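Shown next, in structure tokens, is the structure this report addresses.
The values are calculated or read from the model by the stated rules, or taken from the named source; none is laboratory data. Keep in mind that what you see is a predicted model, and the values were worked out from it rather than measured. A quick note on method: Cβ atoms are made from the backbone with ideal geometry, for glycine too, and the neighbour counts reach across all protein chains shown. Note: accessible area is taken over every heavy atom of the protein model, side chains too, but ligands, DNA and RNA are not part of it. Shrake-Rupley method; radii C 1.70, N 1.55, O 1.52, S 1.80 Å.
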Amino acid sequence: MPRFDVHDHRHALKQLRDTGATSLWENRKQVACPVCDAPFDRLFTTRETGTTFPENDGARFCLLRDGDAIHLFRH
């Protein structure tokens, strides 16, 4: 199963928001998505049991469950 550790890629990501349980990152160095191998634009990570997402603008995204977190990669 693929894994993704934000801290391993911290040098390539800019943190846009952090609530403690959720965080939003911008991909500044074309880091590849661990699900589909294409570079992603944004990364949303949550440790919440449930999270509501705003209406999608049609952009593709990949979802990865990794240990105690869920990672959403928006392309």
### Message
So for region 6-74, averaging the separation of alpha carbon pairs under 8 Å that are six or more residues apart and normalising by length, what relative contact order in percent results?
### Response
26 percent
### Query
What trypsin sites (Lys or Arg not before Pro) does region 1-45 have in DSSP loop regions with at most 12 other beta carbons within 10 Å?
Arg3, Arg28, Lys29
### Query
Scaled to the compact-protein estimate 2.2 N^0.38 Å, what is the alpha-carbon radius of gyration of the chain, rounded to two decimal places?
1.02
## Note on the structure
Residue span Asp68 to Arg42: 0.36 nm per residue of separation minus Cα-Cα distance leaves a gain in nm of 7.4 nm
### Task
Determine the per residue accessible area of the chain with all protein chains present and a 1.4 angstrom probe, expressed in square angstrom.
68 Å²
### Message
Quick check: at a probe of 1.4 Å, how many percent of the accessible area of region 6-74 sits on carbon and sulfur atoms?
### Response
47 percent
### Query
To the nearest 20 debye, what is the magnitude of the charge dipole of region 6-74 about its Cα centre, counting +1 on the Cβ of each Lys and Arg and -1 on the Cβ of each Asp and Glu?
200 debye
